[in-house]
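S.K.: Have a look at this one.
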Amino acid sequence: MIFAVETEERTLIAFPSEMEAVAHCEGLDVEAAVWLFWSDRGEPLEPQFTVPNKRGFFVVQNGTYTLVPASQDHHAMLKEALDEVRTFESPAPFNNAQGVRSYLESRNAA
C-alpha cells in the first residue's frame with residue numbers, strides 16, 4: 001500500500017502498489033512537490049528519479065522515478081499529515097482519516 005497526497009487540493013489516495021502510484025502521479029508534478037508519498041506504515045517516501053523530467057521549448061516529458069525512504073525531516077509521518085487532508089478518494093477503509101489511522105495502527109502493531 002502506498003499513500004499519496006495531492007498537495008494543492010489536499011486529497012489522499014491509497015494505491016495498492018508503488019507501480020500504481022507511480023503510474024498515476026506524473027513525474028513533473030512529483031518533482032514540483034504536488035504529490036507526497038508514504039509507505040503502508042505511514043513512513044515518508046520520496047521520489048528517486050532514474051530518468052529525469054525533460055523540459056524544452058516545444059516538448060515536456062515526464063521522467064521515471066521510484067519511491068525510497070525519505071531523508072530525515074523531508075515531510076511528516078502520515079498520521080500527522082492526515083490533519084491537513086481535506087478529501088479521501090479511496091475505497092473503505094481509506095475513505096476517511098479514522099480508517100487510515102486504524103490501518104496504520106494495525107500495521108505498526110505487527
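S.K.: Mind listing whichever residues of the stretch 8-29 are in contact with a helix residue (DSSP H, G or I) (Cβ under 9 Å, 6 or more places away or on another chain) and closer than 18 Å to M77 by Cα?
M.R.: R10, L12, I13, A14, F15 - these are the residues of the stretch 8-29 that are in contact with a helix residue (DSSP H, G or I) (Cβ under 9 Å, 6 or more places away or on another chain) and closer than 18 Å to M77 by Cα.
S.K.: Now, a different point. Give the residues of the stretch 1-32 that are assigned to a strand (DSSP E or B) and in contact (Cβ under 8 Å) with a residue 40 or more places away in the chain, sorted by residue number.
M.R.: If the condition is that a residue be assigned to a strand (DSSP E or B) and in contact (Cβ under 8 Å) with a residue 40 or more places away in the chain, then I2, F3, V5, T11, L12, I13, A14 are the ones that fit.
S.K.: Out of curiosity, is F94 of a type in the set (F, W, Y), assigned to a loop (DSSP other than H, G, I, E, B) and either at pLDDT 95 or above or in contact with a His (Cβ under 8 Å, 6 or more places away or on another chain) (or both)?
M.R.: Values: of a type in the set (F, W, Y): yes; assigned to a loop (DSSP other than H, G, I, E, B): yes; either at pLDDT 95 or above or in contact with a His (Cβ under 8 Å, 6 or more places away or on another chain) (or both): yes.
When the stated conditions are applied, F94 passes them.
S.K.: Give the stretch 76-92 a look and list any residue that's surrounded by 15 or more Cβ atoms within 10 Å (Cβ to Cβ) and farther than 15 Å from R41 by Cα, or say none.
M.R.: V85, F88, S90
S.K.: Right, here's the next one. Got a number for residues in the stretch 33-47 being under 18 Å from D83 (Cβ atoms), assigned to a strand (DSSP E or B) and more than 8 Å from the chain's Cα centre (by Cα)?
M.R.: So the count comes out to 1.
S.K.: Can you tell which of V5, V30 is of a type outside the set (G, A, S), within 16 Å of F94 (Cα to Cα) and buried (at least 19 other Cβ atoms within 10 Å of the Cβ)?
M.R.: The match here is V5.
S.K.: Do any residues in the stretch 41-64 that are within 30 Å of L104 (Cα to Cα) have Cβ atoms under 6 Å from those of residues that are surrounded by 13 or more Cβ atoms within 10 Å (Cβ to Cβ) and among the basic types (K, R), where the two are at least six apart or on different chains, and which pairs are they?
M.R.: R41/R107; G42/K79
The values are calculated or read from the model by the stated rules, or taken from the named source; none is laboratory data. Not measured: the values here are computed from a predicted model. Positions of Cβ are backbone-derived with ideal geometry, glycine not excepted, and every protein chain shown enters the neighbour counts.
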